[in-house]
Amino acid sequence: ATSAHCIGNAVEQIQLGKQDIVFAGGGEELCWEMACEFDAMGALSTKYNDTPEKASRTYDADRDGFVIAGGGGMVVVEELEHAL
């Protein structure tokens, strides 16, 4: 939600004429304390620990939990005339 807010704020800054181009987005750091909490709840996948590329099976009938990870993304929001 915070990343979407950043993108919306970037659009607003461009609409108000305060910026021509904005890099907006966000990220999520993998926190070991949070991973331990999910593990204690039994929410993490326990199969295929030796082959993690097989562990994430979102739509598989035999899935046994989720694979925790961090990540991020950025977008370039630019005023049309500036982009051309």
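The values are calculated or read from the model by the stated rules, or taken from the named source; none is laboratory data. Everything numeric here is computed off the predicted structure, so don't read it as measured data. Methodologically, a virtual Cβ is constructed for each residue, glycine included, from the backbone with ideal geometry; neighbour enumeration extends over all protein chains shown.
Select from segment 38-58 the residues that are outside any loop (DSSP other than H, G, I, E, B) and among the acidic types (Asp, Glu) and list them in ascending order.
39, 53
Quick one: residue 76 ticks every box in (1) touching a Phe, Trp or Tyr at 6+ places or on another chain (Cβ under 7 Å); (2) modelled with pLDDT of 85 or more; (3) not in a strand (DSSP E or B) except a single one, so which number is it?
Of the numbered conditions (1) touching a Phe, Trp or Tyr at 6+ places or on another chain (Cβ under 7 Å); (2) modelled with pLDDT of 85 or more; (3) not in a strand (DSSP E or B), the odd one out for residue 76 is (3).
May I ask you to say which residue of 35, 69, 61 is outside any loop (DSSP other than H, G, I, E, B) and free of Cβ contacts under 8 Å to residues at least 60 places away in the same chain? Show your work before the answer.
On the way: 69 fails: outside any loop (DSSP other than H, G, I, E, B); 61 fails: outside any loop (DSSP other than H, G, I, E, B).
Unique residue meeting the criteria: 35.
Filter segment 30-50 for residues that are aliphatic (A, V, I, L, M) and touching a helix residue (DSSP H, G or I) at 6+ places or on another chain (Cβ under 8 Å) and give the result. Quick ask: steps written out before the conclusion?
Initial filter on segment 30-50 (aliphatic (A, V, I, L, M)): 30, 34-35, 40-41, 43-44.
Hit for segment 30-50 is 44, nothing else.
Considering only residues that are surrounded by 13 or more Cβ atoms within 10 Å (Cβ to Cβ) and within 15 Å of residue 78 (Cβ to Cβ), look in segment 22-65 and name the one that is nearest to the chain's Cα centre (by Cα).
Filtering segment 22-65 for residues that are surrounded by 13 or more Cβ atoms within 10 Å (Cβ to Cβ) and within 15 Å of residue 78 (Cβ to Cβ), the one nearest to the chain's Cα centre (by Cα) comes out as 25.
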